[in-house]
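Notes for the one structure printed next.
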Amino acid sequence: MSERKTTSAQTIVIISSLILLIVALGLQAGGVMSPSWQVVDIREFRATHHHGLWLDCTRPQLHLVKTQNKDDLPLHCTYKFDISATQIIDENIEDIDQNSAAGESEHHQFFGWHKFTLGFMLCAIILAALSLLCGICAPCSSGFAVLYAILVAFTAFTSTCGDAIFFFAAHRVDSRFVQGLVGTYEQVIGMAFYLHVAGTVISCLALIMAAISAYSLLQNNESERHLPMREMAPLHEPRFARV
């Protein structure tokens, strides 16, 4: 691994890429933690349901509590992987003919596409953290700069895969519509998805800057290997070579 230090311009590019990656990491982590990936207003339940990747929440409708601001209303949340909550969901689904909550309860299950989406996004967050560690050392070593660019590339790729899986799965009919007792309600993609997509876009910008810096360093190293031999001092003068 080369120990050649970066120039001032390359250092500025790497630092700018690190700043972008920190912003992207914050947006991606915030998106994963939020339950607002799919939002549906179920009027017969008089509540707004937020369906996340691992967390589902319910908020009472604003017109029921006129003295409070909408953002101040409490969220009642359950985990998708909670065993007790899963048992209640299964009981509701079994009694789907007489239970109006059964159709909505299906959307609280931890489906395979939830797991794949969450897996890719968690990998992206871990890779982003590793990228930051390498990026901090990148201005001192060209080898770390190249490794930093590679890790950022994997970060952007896994984050994009997670966004794509969720986007296509959320637009399936069984995921998009919620069946109530008296009506069918359409779920809309919530703010958490757009927050994570913004993080993905910013991580791609960080990748471009990291790749430019790594390419510049590789070009400089290649130029140093082909220095002309005439720069070496002669071992003896020609006039002393003949006796």
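Remarks
Table: residues versus (1) outside any loop (DSSP other than H, G, I, E, B); (2) more than 30 Å from Glu44 (Cα to Cα); (3) modelled with pLDDT of 60 or more.
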position: Thr67; (1), (2), (3): no, no, no
position: Asp71; (1), (2), (3): yes, no, no
position: Ala85; (1), (2), (3): yes, no, no
position: Asp97; (1), (2), (3): no, no, no
position: Ser100; (1), (2), (3): no, no, no
position: Leu118; (1), (2), (3): yes, yes, yes
position: Leu122; (1), (2), (3): yes, yes, yes
position: Leu130; (1), (2), (3): yes, yes, yes
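- All positions within region 39-53 that are out of contact with any helix residue (DSSP H, G or I) (no Cβ under 6 Å at 6 or more places or on another chain) and either part of a strand (DSSP E or B) or within 11 Å of His107 (Cα to Cα) (or both): Val39, Val40, Asp41, Ile42, Ala47, Thr48, His49, His50, Gly52
- Any chance Val197 is over 22 Å from the mean Cα position of the chain (by Cα) and either surrounded by fewer than 20 Cβ atoms within 10 Å (Cβ to Cβ) or at pLDDT 95 or above (or both): no
The values are calculated or read from the model by the stated rules, or taken from the named source; none is laboratory data. Please read these numbers as outputs of a predicted model, since none were measured by experiment. When we count neighbours, we look across all protein chains shown, and the Cβ atoms used for this are built from the backbone with ideal geometry, even at glycine.
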